[in-house]
1. Let me spell it out: the conditions are (1) modelled with pLDDT under 85; (2) closer than 22 Å to Asn194 by Cβ; (3) small (Gly, Ala, Ser), and Ala324 meets all of them except one. Which number is the exception?
2. Can you tell me which residue among Ala224, Ala230, Ala264 is modelled with pLDDT of 95 or more and open to solvent by 50 Å² or more (accessible area, probe 1.4 Å)?
3. Do you know which of the residues in the range 244-256 that are in contact with a Leu (Cβ under 8 Å, 6 or more places away or on another chain) and open to solvent by less than 30 Å² (accessible area, probe 1.4 Å) is farthest from Asp308 (Cα to Cα)?
4. Residue pairs, Cβ under 8 Å, 6 or more apart or interchain, first in the range 196-224 and in contact (Cβ under 8 Å) with a residue 60 or more places away in the chain, second open to solvent by 70 Å² or more (accessible area, probe 1.4 Å). List them.
5. Please find, among Asp54, Asp15, the residue that is surrounded by fewer than 17 Cβ atoms within 10 Å (Cβ to Cβ) and part of a loop (DSSP other than H, G, I, E, B).
6. Quick one: Leu314 ticks every box in (1) in a helix (DSSP H, G or I); (2) open to solvent by less than 40 Å² (accessible area, probe 1.4 Å); (3) at pLDDT 80 or above bar one, so which box is it?
7. Among the residues of the range 18-37, which ones are surrounded by 13 or more Cβ atoms within 10 Å (Cβ to Cβ) and of a type in the set (Ser, Thr, Tyr)?
8. Which condition breaks for Ile199 when tested against (1) open to solvent by less than 30 Å² (accessible area, probe 1.4 Å); (2) aliphatic (A, V, I, L, M); (3) not in a helix (DSSP H, G or I)?
Amino acid sequence: MIYRQNYIDVHAYLDHIARVRQNDPSTVKRARGHLRHLLQWADETPFTKARHIDPTFPTYLLTARADGKPRTLAPGSITKCLTNSRQFFDFARAEWPLRYKRISISWIELLQPPRHIRTNSQLRIREYWTVDDVRKVAAVSTATLREERGQVAACMLFLSGMRADALASLPIACVDLAHQTIQQFPELGVRTKNRKAAITYLLQVPELLNVVRSWHARISMLPATALWYATLTHDGMTLTATTQAFTGRHEIIADDIKLICEKAGVPYLSPHKLRHGHTVYALKRAQNMAQLKAISQNIMHESVVTTDQIYGRLINDDVQDIIASL
């Protein structure tokens, strides 16, 4: 039985990050899921006595599961659960100082992942599309609109580095191929992470740009408010002027890319791996800090540090060549 006051405090925190911090609804939803583990761990014990609960919360997460599946939580999920829990206790100490006076800052800081699952204890190798594989997809002769749409998705995602959900919800008016810019504006319906807004730019890969230009010309007869990644009629024979993307439409993009990968004889990787490919392609060609900062800004990261933390290990294959040449 979950202690009632714990439940109330957690919901006060979720309301705070939604209304005061104005976090994206998806961020709030993820925080709710992570803090559910905290509630289940404490059970009938008040959070104000959390430091006395055995096992500790980090240890508990090693065997926790909310969906009944036998496998353990992923290291990334454990890390995020603990991050949200630290943020909750920081909020609780500030909001209810008398009630939470026994929860010390030093105890909150101990809510860290066990050493064996921390990021620096694991060699994480990410997959990404290479420009050669995207070129193979771009070179395929398409027979249907769906194949053509899958082809243009691979090219556009690699060139732009945008997320698949942004492409799925992108209006035609937001694509300016004359200046090779994409207006990723949530107020125009583009679904970006945390509702960030930015003007982003395309890489200069001629074979891929030709595919994108051809598609842009094809959809020019649709209204400017219609989706750039246009919807099709049920028989797949005609483009339609849909102006709003349904939730989860990025899965259609994945299905289309699978189709064109099979035809091109290219191993399928998810649409998000095209974003990885975009970033790796750009990072390998960067020669100074200004270029690194431009790449980070173009994929809508807060800073170059964020880009390096996520993509630094993607280009470790260069380390061997560099060290060997010393």
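1. (2)
2. Numbers: Ala230 fails: open to solvent by 50 Å² or more (accessible area, probe 1.4 Å); Ala264 fails: open to solvent by 50 Å² or more (accessible area, probe 1.4 Å).
Of the residues listed, the single one that is modelled with pLDDT of 95 or more and open to solvent by 50 Å² or more (accessible area, probe 1.4 Å) is Ala224.
3. Applying the filter and picking the extreme gives Ala245.
4. Ala198/Gln297; Val205/Arg135; Glu207/Arg135; Glu207/Ala139; Leu208/Arg135
5. Working: Asp15 fails: part of a loop (DSSP other than H, G, I, E, B).
None of the other options fit; the residue is Asp54.
6. Just one mismatch for Leu314, condition (3).
7. Of everything in the range 18-37, just one residue is surrounded by 13 or more Cβ atoms within 10 Å (Cβ to Cβ) and of a type in the set (Ser, Thr, Tyr), namely Thr27.
8. (1)
The values are calculated or read from the model by the stated rules, or taken from the named source; none is laboratory data. Here the structure is a predicted model, which means the values were calculated and not measured. Every residue, glycine as well, gets a Cβ built from its backbone with ideal geometry; the counts of neighbours run over all protein chains shown. Accessible surface is based on the protein model in full, side chains and every heavy atom, while ligands, DNA and RNA are left aside. Shrake-Rupley method; radii C 1.70, N 1.55, O 1.52, S 1.80 Å.
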